1. Kindly indicate whether any position in the range 219-233 is part of a loop (DSSP other than H, G, I, E, B), in contact (Cβ under 8 Å) with a residue 40 or more places away in the chain, surrounded by fewer than 24 Cβ atoms within 10 Å (Cβ to Cβ) and on the phi > 0 side of the Ramachandran plot.
2. Could you list all residues from the range 575-608 that are in contact (Cβ under 8 Å) with a residue 40 or more places away in the chain, farther than 17 Å from residue 529 by Cβ and among the hydrophobic types (A, V, I, L, M, F, W, C)?
3. Among the residues of the range 48-93, write down those that are assigned to a loop (DSSP other than H, G, I, E, B), open to solvent by less than 40 Å² (accessible area, probe 1.4 Å) and of a type outside the set (D, E, K, R).
4. Are there strands (runs of 3 or more DSSP E) fully within the range 276-360 with at least 3 residues that are over 19 Å from residue 430 (Cα atoms) and not hydrophobic (A, V, I, L, M, F, W, C)? List them.
5. Return a yes/no flag: does the range 195-206 have any residue that is touching a His at 6+ places or on another chain (Cβ under 7 Å), touching a residue at least 40 places away in the same chain (Cβ under 8 Å), open to solvent by less than 10 Å² (accessible area, probe 1.4 Å) and part of a loop (DSSP other than H, G, I, E, B).
6. Kindly list the number of the only condition in (1) within 22 Å of residue 82 (Cα to Cα); (2) of a type in the set (A, V, I, L, M, F, W, C); (3) modelled with pLDDT of 95 or more that fails for residue 152.
7. Being in a loop (DSSP other than H, G, I, E, B) and under 15 Å from residue 279 (Cβ atoms) is the filter here, so list the residues in the range 397-412 that pass it.
8. As an exercise: evaluate residue 164 against (1) in a strand (DSSP E or B); (2) open to solvent by 30 Å² or more (accessible area, probe 1.4 Å); (3) not small (Gly, Ala, Ser) and give the number of the one condition it does not meet.
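The values are calculated or read from the model by the stated rules, or taken from the named source; none is laboratory data. What you see is a predicted model, and the numbers here were worked out from it, not measured in a lab. Because the Cβ atoms are built from the backbone with ideal geometry, glycine has one as well, and the counts that use them run over all protein chains shown. Just so you know, the surface numbers come from the protein's heavy atoms only, side chains and all, with ligands and any DNA or RNA stripped out. Shrake-Rupley method; radii C 1.70, N 1.55, O 1.52, S 1.80 Å.
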Amino acid sequence: MKTARAGQWVSTVCLLPLASLASMLTSGILVSDASGQATARSREGAPLDVRTFGAQGNGVADDTEAVRAGIAAASKSGRTLLLPRGTYLIKEPLHVTTHGLKIVGAGAQHTVLKAASEMKRLLYLRGTGMVISRLTLDGNDKATYGMHAFHLNEQDSRVEFLRVQGARSHGIFLDHSQVFEISNCIAQGNGGDGFYITDCNGTRISCCRSMANRGRGFCVTRTDLSGGCWLIDCDAELNACEGLVVADMAGTPVIIERMWVETNNKPESLGPHQYDAIRITSRSVMLTKSRISTRGTTPVRPKYAIHLASETRVDVPQGVEKFQLGETLTGSESGATGVVSFIQADPLFDHDFPIPAPYRAWLTRPKKMMLRDVAGVFKPGERVTGRTSGAVTSIQSVSQVSAENCVISDNWVAREDGRAPVDRVKLDPGCRANHIGRNHRMWGPGVVDVEYADDPGSVVGGRSLTAGNAPPTGGRWPRGAFRFNHTPSFQETAIAGKDRIHNGGMELDTGWQRYGAPRSHQQSQEHAHSGEHALKVDGSGGAGVRQYLRGAAPGQRYNLSGWLYTTTGAARLLVHDGKQLQYGTTSSAAQWTRTTLSFSVVAGSTPYVGAQAVGGDTQFYLDDVVCQPIESLAASSRLVLGWVCVKGGNPGTWVPVYVLGESAFNPR
């Protein structure tokens, strides 16, 4: 500035250290008085420095009370609490239940809140309008949870730029926190899941990373709410179990978009193919535009890239946390076994952290565990024991939970040659009404395979569009699947004569005789393809039933068809043409399956047709057997373009799709 001195204008400058200037800019307003001297006047709402409450941040002193005092003052005044660079030792949990509080550190690499004694959680949050930013929460293997956010609600609540590490269990526990945002956070090196998310309706988790945790990267589930949320632009790497698990959700969808899942299922001591890259046992999940990798050496590659699973849910009393992920449970009465896939987290409320009154009844509800790879049937009331942990509890109820109404589409799956079995979308039996879109191989052409047992609802790509010389004879196929004719031609049409055998719905058990030594063959109403009866056969070692074609002339050609339903073992149609046996396709499906045979009669003994058991003890049903002579062959004017599945099943019902030849339009 300039001042007048002895008739001259003289320039004067007020020099301030850079640090002092920065402090003034954040805590006051620079003004000039009449003499030109700069002064700072504190404005209302200026940030509070935690060091003014006695915090030292030297990694040695106990800063618990100082940080608590700073939080209380900031909450009361509405001013931001600043935590400058340093390591602040915390010996008791920081319990924050307020509205409009903002806590800001100097960056996760500079500001650390570190647990210095045993505690259930390092930081507990409940309220609205809260912002926690730019610091590290270090559980130091002393805090069970790094951060537990219970009912941290509303859109102006944000948790951002945090690193949470060293918790004995889950790093970040988001619990009934709705319509808020957590972004740019890292959960690393925790003893459980990096992110455990339950009942968080409308919450957005974005740009977060979970790596090198002993549990899953991300786990999304519910207890009493539908709990739908968004996971956008997140990353899960090097976790001991799955990269992502969605378990037992209902109602509001879970949207997962642009996620990066790579090299989970660590360490090698867990064994080969123990966990999937992404596992979904839930309703209403969308997974899209994500990159899922199953790379890694053989012992640690995930079981499947994307697994839509069906699991057994068991509800048990308190104490479920004593069991371990991946251990086998055994039922005391049923002898059933199952591997623990999911354990409901305990919020650990007690006299120090009392749960709000509206939620106290929720704590008394049974806790849930999810079991995969179940053998046998667990019974309510029986006790189950963990093989590894030795934990024991009793089952209160049992139910089945499957992936339903999910959309899996437009993802990239990293694969390497020779490792195709894990690089696929897998659907367990019971997973229905799901849409599986085109999911692409990253290191090779084409789309990844889809493996399923029940009709999933719709499949685009993979198994829905194929080519071959005939319609499929096995495997599950959805309605609308199409198989192109690999060698289209104007095929001959067989002109069939009068039926030699047309047994209708087996309403009359006539003409069928024993073949071999079946234990029994009789009419039954237990299963029928049409009408009310089928022929039930019990036997083994090739035993079955047969019917003779008396009067069949040598050289005569026949078409034989029949329907088989196999409850145990396997069965097939058979033909004796006069000199040798011919066999149809073996069926072991517990549903009606049509099989066919064509044959010509040769001179010799009387020909016959029938059905037989294949291998050991077998029980099967036979219905709607038709045997027709072929009178002549005629050139067809129809080109067989392919076959379409009009009814999903194994293999479903397929009908040909024709293209008419020119002669069909210009008859002579």
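1. Taking the range 219-233 first, the residues part of a loop (DSSP other than H, G, I, E, B) are 222-228, 233.
Adding the requirement that they be in contact (Cβ under 8 Å) with a residue 40 or more places away in the chain leaves 223-225, 228.
Those still in the list that are surrounded by fewer than 24 Cβ atoms within 10 Å (Cβ to Cβ) too: 223-225, 228.
From what is left, the residues that are on the phi > 0 side of the Ramachandran plot are none.
So far as the range 219-233 goes, no, none of its residues is part of a loop (DSSP other than H, G, I, E, B), in contact (Cβ under 8 Å) with a residue 40 or more places away in the chain, surrounded by fewer than 24 Cβ atoms within 10 Å (Cβ to Cβ) and on the phi > 0 side of the Ramachandran plot.
2. Hits for the range 575-608 are 599, 601, 602, 603.
3. Hits for the range 48-93 are 55, 57, 80, 84, 93.
4. By residue number, 328-331.
5. no
6. For residue 152, the failing item is (3).
7. Narrowing the range 397-412 to residues in a loop (DSSP other than H, G, I, E, B): 403, 405-406, 410-411.
Within the range 397-412, 403, 406, 411 qualify.
8. (2)
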